[in-house]
Amino acid sequence: HVYMSLLLGMYAGIPKEALEKLEKLRLSLEAKKSSEKSRDSSEGSLEQAGATPLAKSARPPLLVDVGANLTNFRFKDNVEAVLERSLAVGVHKVMVTGTSAEQSQVALLLAQSLPGVLYSTAGVHPHDAKHWDVSHTELLESLLSNPQVVAVGETGLDFNRMFSTIAQQTEAFSAQVELACKLRKPLFVHEREAYTDLIEVLQAAESKHKDGLPPVLIHCFTGRKSAAIKYIELGFYIGVTGFVCKGDRGKGVRKILSEGVVPLDRLVLETDAPFMLPPLPAKDYCGMDPRSRNNEPCTLPLVAATVAELYGVSVQEVADRTTANAMALFGL
């Protein structure tokens, strides 16, 4: 593949063997797609001739994981197996989250190894805001010129962990919001215990720009009902992860969803892998290593099932609606 040499040279965090397996996976996917196209064409011909085609094997609902940290060191030895598992359960598109200037470059390179399946974002996470430099704006803008980089972020404010000061976070976030407004790229936003300040930055940018804000996703929502209401009023999208499946911890978010505060047409699904692991129905679920506590995109159907129960609809409807939302929001 044209990008393999780049990946092998620039992404030292993933062993050469793993990247070569990614290339094999890409070729396998292309062969599978060609085979399915041929099969569907044959079945269509049979139907036109009045014959009954062979029954299609049951296929899982198609899902989009809008946020997975596949450049995280925990995936350096098995990223290709992780993607194989996700594709097997219907997670047919994954957005690789960029969380720093360096990781945003890596995220794009990884996305370019599986075009049409992987996409990426480019941004600086509030934890890394202490490293923000004005030169990052130029670098991010360059990355965002690539059509596979579909959003500005992960950016935002986190006043819970405080790995960067409030001033550092606000500076980096404000600069990235300005960049998103300039490029009209969606914002992929992280918020923890910083709701008031976050809204202040976003509304200031909205009033400053004639066209207002681009689309905004509040990533991995774990907040309060009042925040969800405000975000929806502002036209933002809400991303939910395996957090919604987590017993007492996810109780508040489950209540928000079950009350219909977030309409299905404003909801997208994500795993935030390797974080936010939901309770698994079996230790070896989906072929995951039972000794590992790493979340993977293949757990997204568990999130979809919980969301379906909360909304009182089928998993298929949740998959259809959230996939359509993700495709439209990010232009996938």
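The values are calculated or read from the model by the stated rules, or taken from the named source; none is laboratory data. Values in this document were obtained by computation on a predicted structure and should not be read as measured data. Counting neighbours? That spans all protein chains shown, and the Cβs are built from the backbone with ideal geometry, glycine included. The accessibility values were calculated without ligands, DNA or RNA, using every heavy atom of the protein model including side chains. Shrake-Rupley method; radii C 1.70, N 1.55, O 1.52, S 1.80 Å.
Summarised in one figure, the compactness ratio Rg/Rh of segment 135-245, Cα atoms and Kirkwood Rh, is 0.95.
Using the Cβ-Cβ distance between Ala324 and Lys255 with R0 set to 25 Å, the FRET efficiency from 1/(1 + (r/R0)^6) comes to roughly 0.50.
Comparing Cα centroids, segment 238-310 and segment 66-101 end up 16 angstrom apart.
Computed with every protein chain present, the accessible area of His136 is close to 30 Å² [probe 1.4 Å]. Working from label points 7 Å from Cα in the Cα-to-Cβ sense, the Arg161 to Asn146 distance is 2.4 nm.
Rounded to the nearest 20, the size of the Cβ-charge dipole of segment 138-241 about its Cα centre is 280 debye, with Lys and Arg at +1 and Asp and Glu at -1.
Computed on segment 71-152, the Cα convex hull volume stands at 90 Å³ per residue. In plain terms, the chain from Ala204 to Gln316 could stretch by 36.4 nm, reckoned as 0.36 nm per residue minus the Cα-Cα distance.
For segment 255-314, a simple Cβ point-charge model (Lys and Arg +1, Asp and Glu -1, everything else neutral) yields a dipole of about 160 debye relative to the Cα centre. For segment 77-196, a crude dipole built from +1 on the beta carbon of Lys and Arg and -1 on the beta carbon of Asp and Glu, taken about the Cα centre, is about 340 debye to the nearest 20.
Take the residue pairs Lys182/Lys255; Lys230/Lys255; Lys246/Lys283; Lys76/Lys225; Lys255/Lys283 and return only those whose Cα atoms are more than 26 Å apart.
Distance filter (> 26 Å) returns Lys182/Lys255; Lys76/Lys225; Lys255/Lys283.
Put simply, segment 206-332 fits an ellipsoid with semi-axes of 27, 16, 14 Å; these come from the alpha carbon gyration tensor as the roots of five times its eigenvalues, largest first. Computed with a 1.4 Å probe over protein heavy atoms only, the accessible area of Lys182 comes to about 130 Å². Which part of segment 137-157 falls in the paramagnetic zone of Arg184, meaning amide N under 20 Å from the point 7 Å along Cα-to-beta-carbon? 141-153, by backbone N distance to the label point.
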